[in-house]
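The values are calculated or read from the model by the stated rules, or taken from the named source; none is laboratory data. These figures come from a predicted structure and were not determined experimentally. Methodologically, a virtual Cβ is constructed for each residue, glycine included, from the backbone with ideal geometry; neighbour enumeration extends over all protein chains shown.
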């Protein structure tokens with residue numbers, strides 16, 4: 001093979017690179033010579049990935065349940081990757097911000113549209129049996145999902161709606177005591193914290209509090225306000241943030257609500273979720289009124305938040321039954 005000027009130039013650049021680090025380029029070339037070719041399965045650790053499904057029961061549909069939740073967590077990790085790029089950008093522009101939020105919306109669109117796997121992809125009889133072996137574990141315990149919420153908005157928006165005004169100027173630690181999801185993991189009868197919630201707080205509370213502090217000035221609300229104050233055109237960004245608001249606070253919880261109604265609703269007494277969570281009041285957006293960006297919505301839209309969705313889901317499922 002002829003040593004072309006282009007190849008010689010690349011070799012010179014490599015030499016400069018390794019010399020700057022006090023390294024011998026020829027040793028690295030030896031390593032390249034002896035190294036085996038990369039394969040797809042090694043690159044993505046396919047064998048390891050496919051070995052991570054370990055059902056607790058003999059029911060075949062439990063493996064579907066496991067894999068779908070693993071897929072969900074990977075999409076959450078993709079989203080957090082984009083959140084981090086935006087928050088840590090040294091010269092953030094509305095264009096970069098908008099493009100990355102579009103990516104997050106694409107991930108959540110995939111999640112929402114694929115949730116049919118959970119709604120109709122398992123036999124109800126199997127689910128109601130194998131779920132009992134999962135106690136007290138619950139999808140409620142997704143730490144990555146809570147991190148997405150923290151990165152997306154001002155932390156005050158995540159306080160239970162009955163305490164938002166009262167705790168507007170409170171410390172982060174005081175606000176955290178009234179974060180909305182704690183009220184979705186209380187015992188239905190006594191109102192006490194479930195073991196599910198206690199486990200979750202024990203594992204993640206310190207991480208959540210640190211993330212809130214880290215994102216105080218770089219959550220999406222704060223960054224949007226900064227760009228708008230600089231006079232940048234944020235109209236396209238506003239459109240994408242509205243979509244994100246709907247995906248995370250309406251469509252995603254309602255996908256779960258639809259699944260819960262399908263598997264857990266029983267007249268006259270509803271079946272409790274695996275973690276004892278109060279899903280009937282916790283999941284419907286119209287009850288929680290979780291809205292990341294209220295300044296991007298009209299008063300009427302805020303008032304009607306999630307209502308038509310819940311009613312249509314219940315009507316459809318009850319007609320099917």
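Somewhere in the range 204-226, is a residue over 20 Å from residue 148 (Cβ atoms) and either at pLDDT below 95 or in a helix (DSSP H, G or I) (or both)? Scanning the range 204-226 turns up at least one residue that is over 20 Å from residue 148 (Cβ atoms) and either at pLDDT below 95 or in a helix (DSSP H, G or I) (or both). The single condition from (1) more than 17 Å from the chain's Cα centre (by Cα); (2) under 24 Å from residue 250 (Cα atoms) that residue 181 fails is (1). Total residues in the range 85-94 satisfying the condition of being in contact (Cβ under 8 Å) with a residue 24 or more places away in the chain and either surrounded by 14 or more Cβ atoms within 10 Å (Cβ to Cβ) or in contact with a helix residue (DSSP H, G or I) (Cβ under 8 Å, 6 or more places away or on another chain) (or both): the figure is 5. Within the range 129-147, the set of residues being surrounded by fewer than 18 Cβ atoms within 10 Å (Cβ to Cβ), more than 30 Å from residue 215 (Cα to Cα) and at pLDDT 90 or above comprises 129, 133, 134. Name the one entry in 63, 2 that is part of a helix (DSSP H, G or I), out of contact with any strand residue (DSSP E or B) (no Cβ under 8 Å at 6 or more places or on another chain) and free of Cβ contacts under 8 Å to residues at least 40 places away in the same chain. After ruling out the rest, the residue left standing is 63. Part of a helix (DSSP H, G or I) and within 24 Å of residue 87 (Cβ to Cβ) - does that describe any residue in the range 182-196? The answer is no, given that none of the residues of the range 182-196 is part of a helix (DSSP H, G or I) and within 24 Å of residue 87 (Cβ to Cβ).
Looking only at residues in the range 148-173 that are surrounded by 15 or more Cβ atoms within 10 Å (Cβ to Cβ), touching a strand residue (DSSP E or B) at 6+ places or on another chain (Cβ under 9 Å) and over 21 Å from residue 82 (Cβ atoms), which one is modelled with the lowest pLDDT? Checked the range 148-173; the qualifying residue modelled with the lowest pLDDT is 160. Considering only the range 149-181, how many residues are in a loop (DSSP other than H, G, I, E, B) and touching a residue at least 24 places away in the same chain (Cβ under 8 Å)? Total meeting the criteria: 3. The set of residues in the range 85-117 that are farther than 23 Å from residue 253 by Cα and in a helix (DSSP H, G or I) comprises 85, 86, 87, 94, 95, 96, 97, 98, 99.
Name the single residue that is modelled with the lowest pLDDT among those in the range 187-199 being surrounded by fewer than 18 Cβ atoms within 10 Å (Cβ to Cβ) and either closer than 22 Å to residue 156 by Cβ or touching a strand residue (DSSP E or B) at 6+ places or on another chain (Cβ under 7 Å) (or both). In this case the residue turns out to be 192.
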